[in-house]
Amino acid sequence: MSDLEQFRQETRAWLEENCPESMRTPVKGFDDLYNGGRNPEIDHPDQKVWCDRMAARGWTVPHWPKEYGGGGLDKEQVKVLRQEMARINARSPLDSFGISMLGPALLHFGSQEQKLEHLPKIARGEIRWCQGYSEPNAGSDLASLATKAEDKGDHYLINGQKIWTSYADKSDWIFCLVRTDNSGSKHEGISFVLFDMASPGVTTRPIKLISGSSPFCETFFDNVKAYKSNLIGEEGKGWAIAKYLLTHEREMISGFGAAPKKSVGQMAVEAIGSDSSGRLANGILRQVIAQYQLDTLAFAATMARVGDEAKAGQGLGAASSIFKYYGTELNKRRNELNLAALGEQALGWDGPEYRDGVVSRDWLRSKGNSIEGGTSEVQLNIISKRVLGLPDA
Amino acid sequence: MALVLTEEQVMLKESAAGFLAEKATVAHLRKLRDSDNAQGFDSDVWAEMAAMGWAGIAIPEEFGGLGYGYTGLGLVLEQAGRNLSASPLQSTVLIAATLISELGNSEQKGRLLPAIAAGEQLITLALQERGHHAPQQTATSARRDGDDFVISGSKLMVLDAASANQFIVIARTGGDVGQQQGLSALLVDAATAGLSVERREMVDSRNVGALVLDKVRVPAANLLGAEGDAWGGLSRTLDIANIGLAAELLGLSVEAFERTVTYLKERKQFGKVIGSFQGLQHRAAELFAELELARSIVLQALHAIDDGEQELALLASAAKAKLCEVAQRASNEAIQMHGGIGMTDEYEIGFFIKRARVAQHTFGDYNYHLDRFALLSGF
């Protein structure tokens, strides 16, 4: 037996033994994911059990090095783990911005002390992180941010306001872009700092969205202390880290474009019916669904191709620049098609006839995908300039 | 198979790019058109392609080919698309050789495939009878008469008909019009009595033929595959043909796009290059994204042929439908973004939109393949 095959056998046996039955059911939307933190939101006690058992093996972040709380697995082993988890429909044990965004940036830019301090707590789900990027006057033009950090020796004094801070009201710490210097160009003088959301002077106010949920907050800083030991990278050089982290955020968001388990076409056939040739009974809807499914297939092939090219040492090709734009636009198309296929069943807030409101909430929430993390229009600007080499106006 | 090119494939692609950019460009196509060349391609250039082995690129080595598989052939077709290179690569190499491999017995394969691989024989498929691709609607009949078949009917859109040595005629030996069952494939020599071939010039300046078969008599030994049972092999051949055409359309679309982006960086209006205007930038960026998707689905479909994947029909229709859509958009945007100069015959971009449409419609257009993709996806 190859080492990888043995790893698969052991993993399968361990998962069978340790994954609680209740964690082998599909999650109902974003709110049903386990995010950890000092005061975790727990819908089911098994969530924490499952997370703790996986964390003990380093499998909440299987690809991170062991010294930082990871599993130390190589790419093939991680793939096997994912396959074995999918085999029993195991939920992801822990979903957090610490894992998907801050972690990769810390691994890349953090000092050894910073990594040892923060990464294991992310891996164990002890600290929940939020991202302080956008400001009321710095949205698509993020680099014009103005939140001020004043040098006070061993710490900075932070004053300003952030907006669209995801889950700020539920998070323990923040990774935040602040302005330490105003004298140069707007991309210079930005610093990347971490601080505790329980610090005096931090207040948050949830923003209610069109979907009825409040994943985002306005966040205010009034003379908040941020210690310099938690400055990542050099002072004034935070923009490079911000951009690096944004690529991870965009990857995460473009993942929403992946094909769902049950195709929209099949869902529509169940809801509307088909003719004697097997074609969906409504030909106009059928065409739009076919276009969507065709693009989903081609998008998945593109993600696979870019991955294979990178593995073959050909670098991250220009194709990767389209992921955020295309993935989020695909996800919006899919959500509109869910509505078209299911009709009014997809427009209620709750109740069994209305699928507990999941479809309607996901639909409304999807509208934000092409805004957050860089709008579709900003992505198209980036492709125009950096890939096609078209000049500024 | 990983979705990347091997070193061997990259070399093949580069050598095809170099050769075609020198010997079979849009300027050469214009010359063929303006000299009213009867066959629609340059025989000397084709002889050079054959000498490099391209006529047998996907044919297994045991039959005198290079054995590079369809991924290899697809890479050459992509470069042919970039340069709008006219040659029998589609009619003979992509389609006829595949149909012979699919349906022929060992004697037929042993005789015909090496002749194709050597560039000695041009063979082409005679299938379509009306304005649209609809293989089940074949009405041309083949009646058994002793040791012969007698074929009657007519065919349209027969690629490279004027220069073909032989035709593979799809005719009905049984079943009713509209049925898959009852179709047979018969080899018909171009010199056979009762066969008339008329050249038709298409908007892409290539030649197709209109065939009339008036009681054409061929020996039963000319049957490829079992009588009345051609559908399986024909259908798989058409899938492969459409993936090959998708590869050609990919090259064509990328080239039209790159020429357009170059133009956007040169043309000045209002005191600025027009490529600095966001109205054009976003359209170009969206098209770039679509071209990346197109490249991925073509590569996946080419690999699926070589890997013998079960889902070939679905991937073939996916690749062809996607490339029809992208080629249409890329060629339309190419004309629009070039403005008035794009409308002139003197400028080359117009050749791209014309070849694009013909290739899109060959063996099923966007509507045909999107419908088939949906059916195969269960709706």
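Of note:
- Each residue in A:F192, B:F277, B:F149 was given a count of other beta-carbon atoms within 10 angstrom of its own, and listing them fewest first yields B:F277, B:F149, A:F192.
- Both radii were evaluated on the Cα set of the protein assembly as shown; the Rg over Rh quotient, with Rh as the Kirkwood radius, amounts to 1.04.
- Nonlocal amide H pairs with A:F216, under 5 Å, H built at 1.01 Å: A:Y167, A:I207
- Compared with the alpha-carbon gap, the fully stretched path from B:F270 to B:N332 is longer by 19.9 nm at 0.36 nm per residue.
- Percent of alpha-carbon pairs separated by more than 14 Å within the range A:70-133: 65 percent
- In this structure, A:K28 and A:E126 have a Cβ-Cβ separation that, at R0 = 25 Å, corresponds to a calculated FRET efficiency of about 0.50.
- Using the alpha carbons alone, the radius of gyration of the range B:255-295 stands to its Kirkwood radius in an Rg to Rh ratio of 1.03.
- Percentage relative contact order, the range B:124-228, counting C-alpha pairs under 8 Å, at least six apart: 31 percent
- The residues neighbouring A:K162, those whose beta-carbon lies less than 10 Å from its own, together hold a net charge of -2 under the Lys/Arg +1, Asp/Glu -1 convention.
- Charge dipole (Cα centre; +1 on Lys/Arg Cβ, -1 on Asp/Glu Cβ; no other charges) of the protein assembly as shown amounts to roughly 1340 debye.
- Each Lys and Arg contributes +1 and each Asp and Glu -1, all at the Cβ; summed about the Cα centre of the range B:232-376, the dipole is approximately 520 debye.
- Förster radius 30 Å - calculated FRET efficiency between B:E62 and B:E258, Cβ distance, rounded to 0.05: 0.15
- Simple Cβ-charge dipole of chain A, Lys/Arg +1 and Asp/Glu -1, about Cα centre, in debye nearest 20: 500 debye
- Inter-label distance for B:E120 and B:E198, nm, one decimal - labels placed 7 Å from Cα along Cα-to-Cβ: 3.4 nm
- Phi angles of the range B:3-17 translate, via the Karplus equation with coefficients 6.51, -1.76, 1.60 and θ = phi - 60°, into HN-Hα couplings of 7, 9, 8, 7, 4, 4, 5, 5, 5, 4, 4, 5, 6, 5, 4 Hz per residue; Gly and Pro are given as x.
- Directionally averaged projected area (the range A:129-237, Cα convex hull): 6.6 nm².
- Size descriptors for the range B:255-379: radius of gyration and Dmax over Cα atoms are 17.0, 56 Å.
- When the range A:258-387 is reduced to its Cα atoms, the Kirkwood hydrodynamic radius in Å: 16.4 Å
- Leading residue at positive end of dipole, chain A (Cβ point charges), from A:F323, A:L145, A:G233: A:F323
- Given charges at Cβ of Lys, Arg, Asp, Glu: chain A dipole, positive-most of A:G307, A:S134, A:L209: A:G307
- Point-to-point label distance, B:V212-A:E270, nm (Cα→Cβ direction, 7 Å offset): 5.8 nm
- Chain A: C-alpha gyration tensor shape, a/c 1.5 cut-off, then a/b vs b/c: prolate
- Within 10 Å of the Cβ of each residue in B:370-378, the mean number of Cβ atoms contributed by other protein chains is 6.
- Take each residue in B:317-326, count the other chain C-beta atoms within 10 Å of its C-beta, and the mean is 3.
- Extending 7 Å from Cα along the Cβ direction at A:D350 and again at B:E22 yields two label points whose distance is 7.5 nm.
- Relative contact order (%) - criterion: Cα under 8 Å, at least six apart; region: the range A:258-387: 22 percent
- Farthest positive-ward along the range B:232-376 dipole, Cα basis, beta-carbon charges - from B:G364, B:T260, B:G232: B:T260
- Three-way shape label, the range B:7-121, alpha-carbon gyration tensor, a/c 1.5: oblate
- Averaged over the residues of peptide B:278-288, the number of Cβ atoms from other protein chains lying within 10 Å of each residue's Cβ is 6.
- Once the Cα gyration tensor of the range A:3-93 is diagonalised, semi-axes √(5λ) in Å: 22, 16, 11
- Here the extension length gained between A:L107 and A:K225 equals 40.0 nm, from 0.36 nm per residue of separation less the Cα-Cα distance.
- Annotation: extensible slack from A:I382 through A:L364 equals 3.8 nm (criterion: 0.36 nm per residue apart, minus Cα-Cα distance).
- Chain B: C-alpha pair distances exceeding 31 Å, %: 34 percent
- Environment charge at A:N369 (Cβ cut-off 12 Å; Lys +1, Arg +1, Asp -1, Glu -1): +3
- As a calculated quantity, the FRET efficiency between B:Y347 and A:A240 at R0 = 60 Å, using C-beta atoms, amounts to about 0.85.
- In terms of its C-alpha gyration tensor, the range B:124-228 has an oblate overall shape, because the principal axis ratio a/c (a ≥ b ≥ c, square roots of the eigenvalues) is not below 1.5 and a/b does not outweigh b/c.
- Note on the range A:169-217: percent of Cα-Cα distances in each 5 Å bin, starting at 0 and stopping at the bin with the largest distance, equals 5, 17, 18, 17, 14, 16, 9, 3, 0.
- Paramagnetic label zone (point 7 Å from Cα along Cα-to-C-beta, A:I42; backbone N under 18 Å) in the range A:74-95: A:91-95
Read-outs throughout are calculated quantities, based only on the coordinates presented, and are distinct from any laboratory measurement. Note that the coordinates shown come from a computational prediction; the quantities given were computed from them, not determined experimentally. Cβ sites come from the backbone with ideal geometry, for glycine too, and all protein chains shown count toward neighbours.
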